[in-house]
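Participant: Have a look at the structure that comes next, please.
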Amino acid sequence: MPSLKEVRNKIVSTRNMQKITKAMKVVSAAKLRKAQQRIVQMRPYAHKLQEMLSHLSGSTEGSDAAKFFDNRPVKRVLVVSITSDSGLAGSFNGSILKDSVLLIKKTYADQYNAKNVDVLAVGKKSAAFFKKNNYKVIQEHTTLFKNLNYDAASEIASFMVDQFLTKNYDAVDIIYNRFKNAAVYIPTTERFLPVPVIVEDHNNANTSQGSTQKHYSPDYIFEPSQEEILSRLIVQSLKTSFFRALLESNTAEHGARMTAMDKASENAEELLNKYKLAYNKARQATITKEILEIVGGAAALAG
């Protein structure tokens, strides 16, 4: 049985750890509220812009804008893996890294075996993992979430667009955690380039497919000109889409960390109860031993 001093030290250290986890939960909750406001405001705009872009794909044939929808044979792939810069967020980073590896080794198995799959790592956890496991990391962004803004996201998105247009890569996929609520996030893989388009199936229901299918082409009136609008809209939509993915991941991270710290605080409380019980047992055993010694000594003197 551990001594009273050992149990007291465990109680003190556990109580101090519980204070830290509770403080981290409060901090994450405050950050979550701010991040949630940003993503709630961004989603409608980003989704509507993506929907318009998909609809306009049928109007790009024969123009320079068609290159963004070029669904050519996939020989070289760029995988964009978005994690956090820090841990203590449960399985938040692990789920993304696991899905990234599955995407690379299964979906793009032939390209991976031919060493034609590269990684763009966003977040320290992603960069550290892929470098440690000898993947080719062409870029790493490990301070992006310290001051997440549209300009920083726009630079990365522009790089990916340039790489696709110059045919360095035939496909660009993004993997991130999509925020649902404070306790739930959904690992999501999205095709960034070529731009997915909305097509008509046999039941006239619109679905997202490659550009080899029949395009859904609503009757738009273009002003000032179709070419000018498409050239600006496509790039703007891609930048906005990537920024939304970063906001989703950032919001989900704070929710995951808040939940993890709440669970850690509960576990610390269980440990405290366990140590307090052990302390009381050890203390009672010590008192009983001392009483027996006194009684035994008194009996010896009386004898």
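Participant: Applying the selection to the range 79-114, what residues are aliphatic (A, V, I, L, M) and modelled with pLDDT under 95? Write out each step before concluding.
Facilitator: So the first thing to find is which residues in the range 79-114 are aliphatic (A, V, I, L, M), and the list is 79-80, 82, 88-89, 96-97, 101-104, 109, 114.
Once the filter is applied, which keeps residues that are aliphatic (A, V, I, L, M) and modelled with pLDDT under 95, the range 79-114 yields Leu88, Ala89.
Participant: Do you know which residues across the range 130-165 are free of Cβ contacts under 8 Å to residues at least 40 places away in the same chain, open to solvent by 40 Å² or more (accessible area, probe 1.4 Å) and closer than 22 Å to Ser91 by Cα?
Facilitator: Lys131, Lys132, Asn133, Glu140, His141
Participant: Then there's this: Of the numbered conditions (1) touching a Gly at 6+ places or on another chain (Cβ under 9 Å); (2) among the aliphatic types (A, V, I, L, M); (3) not in a helix (DSSP H, G or I), Ile96 satisfies every one except a single condition; which is it?
Facilitator: If we test Ile96 against (1) touching a Gly at 6+ places or on another chain (Cβ under 9 Å); (2) among the aliphatic types (A, V, I, L, M); (3) not in a helix (DSSP H, G or I), just (3) comes out false.
Yes or no, residue by residue, for (1) within 20 Å of the chain's Cα centre (by Cα); (2) among the small types (Gly, Ala, Ser); (3) in a strand (DSSP E or B):
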{"site": "Lys115", "(1), (2), (3)": "no, no, no"}
{"site": "Leu120", "(1), (2), (3)": "yes, no, yes"}
{"site": "Lys125", "(1), (2), (3)": "yes, no, no"}
{"site": "Phe129", "(1), (2), (3)": "yes, no, no"}
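Participant: Checking the structure you have, find out if any residue of the range 83-103 is open to solvent by less than 30 Å² (accessible area, probe 1.4 Å), touching a strand residue (DSSP E or B) at 6+ places or on another chain (Cβ under 8 Å) and free of Cβ contacts under 8 Å to residues at least 60 places away in the same chain.
Facilitator: Scanning the range 83-103, I find at least one residue that is open to solvent by less than 30 Å² (accessible area, probe 1.4 Å), touching a strand residue (DSSP E or B) at 6+ places or on another chain (Cβ under 8 Å) and free of Cβ contacts under 8 Å to residues at least 60 places away in the same chain, so the answer is yes.
Condition check ((1) among the polar types (S, T, N, Q); (2) in contact with a Leu (Cβ under 7 Å, 6 or more places away or on another chain); (3) open to solvent by less than 70 Å² (accessible area, probe 1.4 Å); (4) assigned to a loop (DSSP other than H, G, I, E, B)) across all residues:
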residue: Val12; (1), (2), (3), (4): no, no, no, no
residue: Met17; (1), (2), (3), (4): no, no, no, no
residue: Val26; (1), (2), (3), (4): no, no, no, no
residue: Val40; (1), (2), (3), (4): no, no, no, no
residue: His47; (1), (2), (3), (4): no, no, no, no
residue: Leu53; (1), (2), (3), (4): no, yes, yes, no
residue: Lys67; (1), (2), (3), (4): no, yes, no, no
residue: Asn71; (1), (2), (3), (4): yes, no, yes, yes
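Participant: Continuing with the same structure: Considering every residue within the range 181-204, establish whether at least one is of a type in the set (A, V, I, L, M), closer than 21 Å to Ser54 by Cα and modelled with pLDDT of 95 or more. Give the derivation first.
Facilitator: Within the range 181-204, the first condition is being of a type in the set (A, V, I, L, M), and the residues that meet it are 182-184, 186, 193, 195, 197-199.
Now narrow it down to the ones that are closer than 21 Å to Ser54 by Cα: 193, 195, 197-199.
Cutting the leftovers down to modelled with pLDDT of 95 or more gives us none.
Scanning the range 181-204 turns up no residue that is of a type in the set (A, V, I, L, M), closer than 21 Å to Ser54 by Cα and modelled with pLDDT of 95 or more.
Participant: Here's another thing I want to ask about it. Mind checking which residues of the range 109-129 are farther than 12 Å from Ile175 by Cβ and not polar (S, T, N, Q)?
Facilitator: In the first step, residues of the range 109-129 are kept if they are farther than 12 Å from Ile175 by Cβ; the result is 109-118, 124-125, 127-129.
Scanning the range 109-129 gives Ala109, Asp110, Tyr112, Ala114, Lys115, Val117, Asp118, Lys124, Lys125, Ala127, Ala128, Phe129.
The values are calculated or read from the model by the stated rules, or taken from the named source; none is laboratory data. Just so it is clear, the model here is predicted, and its values are computed rather than measured. Every residue, glycine among them, receives a Cβ derived from its backbone with ideal geometry; neighbour counts consider all protein chains shown. Accessible surface is based on the protein model in full, side chains and every heavy atom, while ligands, DNA and RNA are left aside. Shrake-Rupley method; radii C 1.70, N 1.55, O 1.52, S 1.80 Å.
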